[in-house]
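Bear in mind these aren't lab numbers, they're just calculated from the coordinates by the rules spelled out. The structure presented is a predicted model; accordingly, all values stated were derived computationally and were not measured. Neighbour counts run over all protein chains shown; Cβ positions are idealised from the backbone, glycine included.
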DNA sequence: TCTATCTGGTCAATCGGTTTAGCAGGTCGA
DNA sequence: TCGACCTGCTAAACCGATTGACCAGATAGA
C-alpha cells in the first residue's frame, strides 16, 4: 500500500502540487479561490492523504520536534511529572517529543545529543531528575533549556526548585508552632548535593532569625536518603538526653521522614503530639499515605517542566538574571504531622525537667 | 553558521557526494580503496560534518525512530520502568524514541498516531500504565506492539503481566505457611479491571486446589485501591468474629497492603506474627520501605518493555499463539510480612477459641 | 488602445542525502 | 589485438514536500 502524497492529490484534483501545498498548509495569503480550496481538501481526505513531516522538515528546516535528554527517568518516580509537563506543552503546541535517558553516562549523553541534532530537533531540554549542578555535554545548541539542573558554566536558561525558600517555609512553620529544638536529617554525599546544602542553609537561617542557636548535634547526615537511613538517623536524635532531644524534625525528603515516623513509633512517640515532622518533596504515595499524613514541601516538578518548555518555544521570556536561573517556588503542604511541642517544652527557657 | 553537509565534505576531499555517502554509510561492498575512505573520514571529522537524518530518512524510508504512545506517564510512577526499558532497547539499537501520552483521550490518541506516522516512525508501541483491555485507535500500522495492554480485537502482538500466575504464587505461599482463612482485598471498578479479575481467579483457584472453600465474607472490595481504602477494607475483615477473621491478607496492590498494615497496627496486631500480608506490584518506595518489609508479587515492567521493543524491532519472534498475547511471569518477592498463623489457628479444624 | 494590475494558478529549484547505472582506464587471457 | 572484466569513481534520478519567480488571461484605468 503506497503512501499517498501531495502529487496524488494534485493529480486527482487536476491542479499542480504547488497549489495543493499552498492549500494544505493553510497559507491564506495565497490567492486560491474557495472552490479550489475545498476540492483539494475533499480529495485529500477522500484518498487518505498523509503528510510526510520529513520532507516538510527537510525543506523548511523546522521539524516541530524537540529532544528531552534526561539523566534517568525511573529512579525518582515522582519526577516524571517534569516529563509529563514537557510533553503536555509539546502536544499543545503541535510538537513531538524525543525522549532519551542517558544514565548519567557522558558518552551516551554526547551521542544522544548528536543523534537528536541529526534528527534536526527544533530545541533541546536537558533535564535531571533531581536538582544538580551539571557540566553540560559539548555541542549543545544555543537556546537549550536546563530543567532541574544548573549548568556549571552558565549561559543557558535553567529552572530549578527554590530549595532554600522551601526549607525556610518548612522551618518557619515549626518555629511558629513554638518549636525551639528542631533537628535536621540531611542528605549525605560527596560533594553535598546542592539541594541538601540549600535546604540546610534555609534551616539555619530561620533558626538564627528566630534567635535560636543551631545545635550541631541536631543536624545528622543520612547516608542513603532512604527510609532505612531515616530510621537510624532519627533514632540517634530521639535517643538524645531529654534536654537535648528535638521536639521537631525537618527531613531532607519524605522517604527519610517515613523512617523518622518509624523511629518515633518504636519509641512510643506519637506524631504530632510528641514529635512534629516536616518532609520535603511531597512524594505522592508517601506523604499523603503516611499516618498521620505528612506536612511537607512540594517540589514543583510539573511547573518546572512547563516553564522549561515554554521558554524553549519562546512562549515565555528567558530569565534576565545574570545566571539565567529561574527559582521555582516550593510551597509548604500542610497536613497533620505538625503540632505545638509538648506543654512542658513550651517555655522559651529550656530547662530539661 | 551553516551546517556542513555531505557536499562540503565532497568538495574538500575532491570527490563526489556519491563517494562520500558510500564511505560514510559504511557500505563495504562498494569498491572504495582504503586511502580514499580514510581521507573522507578525516575531512568529515575535520570540518565537523553532521548527518541529516531527515534527508536520509526521506530517501531510505527508514528513520530509526519509533513512537511510544501511552495513556499516562506519571500516574503510576513505578510503571515508568516500561518506558525506561523501551528507551534502553531503542538506544542499544540506534533508535530514537518519540514519547506521547494521551491521557486516555481517544481524539488526542488518534492525532498522536497520525503525527507519529507523519514523522515516518519505523514502528509504534501502544502502552498502558496498567494492564487493560483496550480498543486501539484507528490507523495503527501493522506490527504495532501492545505493552501492558491487550487489544480487544486481537491482531497485534501484546505483552501483559501474568496476574493470574502471580496471584497463584502469592496465595500458595500463604497456604504453604498453614493459612486457611485468607482474605482478598480486591480492586473495585466498573467493569472489574482485568488485573483484579485475574488475581481473584488465581486466589480462588489456589484455595480450591488446597481444599479450602472460599468464604465470600473474606473477599472485600476496596473502592479506591489506595492506602486509605485499604485501612477501611482490612478493618472490616479484622473486625470479623474470631472464628471468621482471616489470618492472612492477599492485597490487590501494595498501596492497599500499606492500608492493611495500618489497620492491623490500630488493632494491635503484629505483622507477621498475628497477621500475614502479601501485596502485589512490588512498588519500590513502599514494599521494601514498610515495616516489616512487604512480601509481594513483582510486576515485570522492565521485562515487558524490553519484550515489546524487541518484538517490534524483530529481535525476537512475535508470539505464535492465536491471540498473540505474551504473559510475562510475575515473581513472588519474599520479604518479612508472611509467617505461619498463630499456634492456636494451626489445627485444620477451625474451632474459634 | 495600450499599459498596469489582479486572478489563479504553474515551474522548477531546493532541502541533503542514497542508490542505480554506467564511464574511463587499466589488466588479463585467448 | 580484441573483448571481458575489474577498479575507482561519478552522474543523475529520487525521496516528498515548500516556495520564489513567473505566466496567461481578464479587467481596469489612462
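See the values below:
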quantity: Among beta bridges that DSSP assigns inside chain B, antiparallel share in %, nearest 5; calculated: 5 percent
quantity: Separation between Cα centres of the range B:111-190 and the range A:20-64, rounded to whole Å; calculated: 38 Å
quantity: Between helix A:106-118 and chain A: long-axis angle, C-alpha atoms, 0 to 90°, nearest 10; calculated: 30 degrees
quantity: Beta bridges by DSSP in the protein assembly as shown, antiparallel share as percent, to the nearest 5; calculated: 10 percent
quantity: For the range A:227-353, diffusion coefficient by Stokes-Einstein and Kirkwood Rh (Cα), 4 °C, 1.567 mPa s, µm²/s; calculated: 79 µm²/s
quantity: The range A:34-159: radius of gyration and largest Cα-Cα distance (Dmax), Å; calculated: 18.0, 59
quantity: Ranked list, fewest to most other Cβ atoms within 10 Å of each Cβ, for A:32, A:83; calculated: A:32, A:83
quantity: Per-copy distances of the residue A:32 label point, shortest first, in nm (7 angstrom along Cα→Cβ); calculated: 4.1
quantity: Nearest-first distances (nm) between copies at residue A:5, label 7 Å from Cα via Cβ; calculated: 1.6
quantity: Mean residue ellipticity (222 nm) of chain B, computed from DSSP H runs ≥ 4 via -39,500 (n - 2.57), nearest 500; calculated: -11500 deg cm²/dmol
quantity: Top of A:308, A:268, A:195 by mean-square fluctuation, Gaussian network on chain A, Cα under 10 Å; calculated: A:268
quantity: Proportion of all alpha-carbon pairs of the range A:191-243 beyond 14 Å (%); calculated: 63 percent
quantity: Stretch gain in nm, segment residue A:60-residue A:35, where the contour uses 0.36 nm per residue and the Cα spacing is subtracted; calculated: 6.2 nm
quantity: Scattering profile of the range A:1-83 at q = 0.10 Å⁻¹ [log10 I(q)/I(0), Debye over alpha-carbon scatterers]; calculated: -0.41
quantity: Nearest-ten-degree value, helix B:254-266 long axis tilted from longest Cα axis of chain B; calculated: 30 degrees
quantity: Percent of beta bridges antiparallel (DSSP, the range A:118-199, rounded to nearest 5); calculated: 0 percent
quantity: Sorted by Cβ density within 10 Å, fewest first, the residues B:95, B:252; calculated: B:95, B:252
quantity: For chain A, the spread of Cα positions along each principal axis, largest first, Å; calculated: 97, 37, 37
quantity: Inverse of mean 1/r across different Cα pairs in the range B:156-217, Kirkwood, Å; calculated: 12.4 Å
quantity: The range B:220-327, relative contact order in percent, only Cα pairs under 8 angstrom and at least six apart counted; calculated: 20 percent
quantity: Difference of contour (0.36 nm per residue) and Cα-Cα distance, residue B:320 to residue B:2; calculated: 109.4 nm
quantity: Inter-label distance, nm, simple model (7 Å from Cα along the C-beta direction), residue A:236/residue B:284; calculated: 2.6 nm
quantity: Cα-based helix-to-principal-axis angle, A:34-46 vs chain A, degrees rounded to 10; calculated: 70 degrees
quantity: In nm, spacing of pseudo-spin labels at residue B:142 and residue B:104 (7 Å Cα→C-beta vector); calculated: 3.3 nm
quantity: Packing-based exposure ordering (other Cβ within 10 Å, fewest first) of A:323, A:163; calculated: A:323, A:163
quantity: Cα pair distances exceeding 24 angstrom across the range A:168-284, given as percent; calculated: 15 percent
quantity: Theoretical FRET efficiency, 1/(1+(r/R0)^6), r = Cβ-Cβ of residue B:194 and residue B:215, R0 25 Å, to 0.05; calculated: 0.55
quantity: Teacher prompt: residue A:201 distances to equivalent labels in other copies, 7 Å Cα→Cβ, nm; calculated: 5.9
quantity: Convex hull volume per residue in cubic angstrom - Cα atoms of the range B:83-238; calculated: 150 Å³
quantity: Among A:250, A:98, A:146: highest mean-square fluctuation, GNM of chain A, C-alpha pairs under 10 Å; calculated: A:98
quantity: Mean shadow area of the protein assembly as shown over all directions, Cα convex hull, nm²; calculated: 38.4 nm²
quantity: Relative contact order of chain B, defined on C-alpha pairs under 8 angstrom at six or more residues apart (%); calculated: 16 percent
quantity: Contour excess over end-to-end distance, with Cα ends at residue A:17 and residue A:224 and 0.36 nm allotted per residue; calculated: 68.2 nm
quantity: Selected from A:58, A:207, A:147 as most flexible by GNM, with chain A as the system and alpha-carbon contacts under 10 Å; calculated: A:58
quantity: Taking the C-alpha atoms of the range A:113-183, convex hull volume expressed per residue in Å³; calculated: 108 Å³
quantity: Zone residues, the range A:212-234, relative to residue A:243, backbone N less than 11 Å from point 7 Å out along Cα-to-Cβ; calculated: none
